[in-house]
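Okay, so here's the structure we're looking at.
The values are calculated or read from the model by the stated rules, or taken from the named source; none is laboratory data. Bear in mind the structure is a predicted one, so any value in this text is a computation, not a measurement. Cβ coordinates were reconstructed from backbone atoms using ideal geometry, including for glycine residues, and neighbour counts include every protein chain displayed. Just the protein is used for accessible areas: all its heavy atoms, side chains included, with ligands, DNA and RNA removed. Shrake-Rupley method; radii C 1.70, N 1.55, O 1.52, S 1.80 Å.
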Amino acid sequence: MLLGAIADDLTGAVELAGMLAAGGMRVALVLDDAPVPTGQDAVVVALASRVAAVGEARAAFARAADALLGAGAERIFFKYCATFDSTPAGNIGPCADVLMERAGAEFTLFAPTFPEVERRVFMGHLFVGAQLVSDSPKRFDPLTPMTEPNLVKVLSAQTARAVGLIPLPSVAQGAEAVVQRVNALQAEGASYAIADAGTEEDLATLARASWDWRLTTGGSNLAAHYPAIWQERGLLSPALAAAPLRAGGGGAVLAGSCSDRTREQVEHFAARHPVLRIDLARMESPEAALRDAAAWAVPLLSLGPVCVTTAGDAEAVAAAQARLGRDGAARAAEGLLGALAVALVGAGVRRILVAGGESSGAVIRSLGISRLSVAPYVSPGIGLCAAEEPSPLALCLKSGKLGPVDMFSTVLETMRA
């Protein structure tokens, strides 16, 4: 196994697996503590660790790393969000610390840059488009608000290891210059470095500098550059692309993300299809909300796809958190969408699009799915995959912040058998 990867949420895992598959790798995706399959070029383990308690996240990463290394993984990759979603306590730093120990690594870099969606790092500062992340809507994230744009500071607050910077001038000079910068940082006592990058060419340079490291970390499109390098070096023979992932039966959208983009996608879908909006601050109880949502959705399925959303604007999020607590509101939304997915599948739904990383994880786990087949990557936010057990399903698991506005309808139609 050339690569064992661990993602801190499910949508990120699907995106990473899709990019590796597009690069010609045989890839399997498993959830949590499901057995690591053999006969693969890469295995991606999807965890729900991004907003978990630090101790819980560290333990989950330790188990995943041990499973991957025990199955023969030669390298480990840690995938996190392009906006470095985290809190002052973690979990990027604490989980990287675990992986350093398990992999026996002495140094690694952190490269969240994702040019395709305008996430870039310059002088260690994270930009979303032309804005610092701290000036972007990401500062209002209900679970992981990013109010500090200096990623060296963000990471330093989460680990006892020294954190340095690989500046853009070093990256621009090529892979050898990056290695020289890494050697200098290690001589100064650093174990970690935030890597500047603005383009795919920059990421390719970072990949060429780190292709044989025991541990690397970053966004999925850093890892996307490794397959070509491994092919050049005779370590990888390209695999055939997977067949399209399609299914018959009804279609449904379950939207838990409160991002601006997801709410725009819901509004676009609502112009053509039925949408049920659940207000967490006003619902009688989760049980009653589930009962009412299922009673609303099931009779409509014969007419076309439906959408159920717990997403709201900043005012609605604040009201839900005031009633249920920050974590309680998130868990209520995830639990409700997960239980509703079970009810909808029982009513014949076989095509499901889930909006939101934590929501996707909750839905897939509620359905009892432990392994997914992933289609080669197409574009940001469109993570197509399929489950064979316990019920055959075609799925799209999307990050809340990504995807075209009209994707709900178009993707559900793409997944139709």
**Request:** Please report, in debye to the nearest 20, how large the charge dipole of the range 138-190 is about its Cα centre when each Lys and Arg carries +1 at its beta carbon and each Asp and Glu carries -1 there.
**Result:** 120 debye
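Can you tell me the order of 385-397, 314-326, 359-371, 124-136 when each peptide is scored by its average per-residue count of other Cβ atoms within 10 angstrom, highest first?
Top to bottom by mean Cβ count within 10 Å: 359-371, 385-397, 124-136, 314-326.
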**Asked** Hey, if you put +1 on the Cβ of every Lys and Arg and -1 on every Asp and Glu Cβ in the chain, which of 39, 368, 69 ends up farthest toward the positive end of that dipole?
**Response** 368
**Message:** Between residue 405 and residue 54, how high is the FRET efficiency from 1/(1 + (r/R0)^6) when r is the Cβ-Cβ distance and R₀ = 41 Å? Nearest 0.05.
**Reply:** 0.70
**Prompt:** Once both labels are modelled 7 Å past Cα along the beta-carbon direction, what's the residue 134-residue 38 spacing in nm?
**Reply:** 5.2 nm
**Item:** the range 343-417: radius of gyration and largest Cα-Cα distance (Dmax), Å
**Value:** 11.7, 31
**Prompt:** For the chain, which whole-number percentage of the solvent-accessible area (1.4 Å probe, protein heavy atoms only) is attributable to carbon and sulfur atoms?
**Reply:** 53 percent
**Prompt:** Which FRET efficiency value, to the nearest 0.05, is calculated for residue 212 and residue 173 with the Förster distance at 22 angstrom and r the Cβ-Cβ distance?
**Reply:** 0.65
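Would you compute, from DSSP H runs of 4+ residues alone, the mean residue ellipticity of the chain at 222 nm, taking -39500 (n - 2.57) per run and dividing by the full residue count, rounded to the nearest 500?
The helix contribution divided over the chain gives -11500 deg cm²/dmol.
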**Message:** With bins 5 Å wide starting at 0, give me the P(r) of the range 221-314 over every alpha carbon pair, in whole percents.
**Reply:** 2, 11, 16, 15, 13, 9, 7, 8, 9, 6, 4, 1, 0
**Item:** Label corresponding to Rg/Rh (Cα atoms, Kirkwood Rh) when calculated from the structure given, among (1) 0.94; (2) 0.96; (3) 1.01
**Value:** (2)
**Between helix 10-22 and the chain: long-axis angle, C-alpha atoms, 0 to 90°, nearest 10** = 60 degrees
**Prompt:** To the nearest 20 debye, what is the magnitude of the charge dipole of the chain about its Cα centre, counting +1 on the Cβ of each Lys and Arg and -1 on the Cβ of each Asp and Glu?
**Reply:** 480 debye
**Request:** Return the whole-Å distance between the Cα centroid of the range 362-406 and the Cα centroid of the range 280-356.
**Result:** 18 Å
**Label point distance in nm, residue 271-residue 288, each placed 7 Å from Cα along Cα→Cβ** = 3.5 nm
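How do the peptides 330-343, 222-235 rank, highest first, by the average count of neighbouring beta carbon atoms within 10 Å per residue?
My ranking of the peptides, most packed first, is 330-343, 222-235.
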**Fill in**
Given a 1.4 Å probe, the accessible area of the chain per residue, as a whole number of Å², is 38 Å²
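Quote the relative contact order of the range 309-412 in percent (integer), defining contacts as alpha-carbon pairs under 8 Å separated by 6+ residues.
Values: 127 pairs, mean separation 25.0, N = 104.
Relative contact order here is 24 percent.
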**Request:** Extending each Cα 7 Å along its Cβ direction at residue 239 and residue 300, get the distance between those two points in nm, one decimal.
**Result:** 3.8 nm
**Message:** Apply the a/c threshold of 1.5 to the C-alpha gyration tensor of the range 260-331 and tell me whether it is rounded, prolate or oblate.
**Reply:** oblate
**Message:** Which order do the peptides 141-148, 96-103 come out in when sorted by mean C-beta neighbours inside 10 angstrom, highest first?
**Reply:** 96-103, 141-148
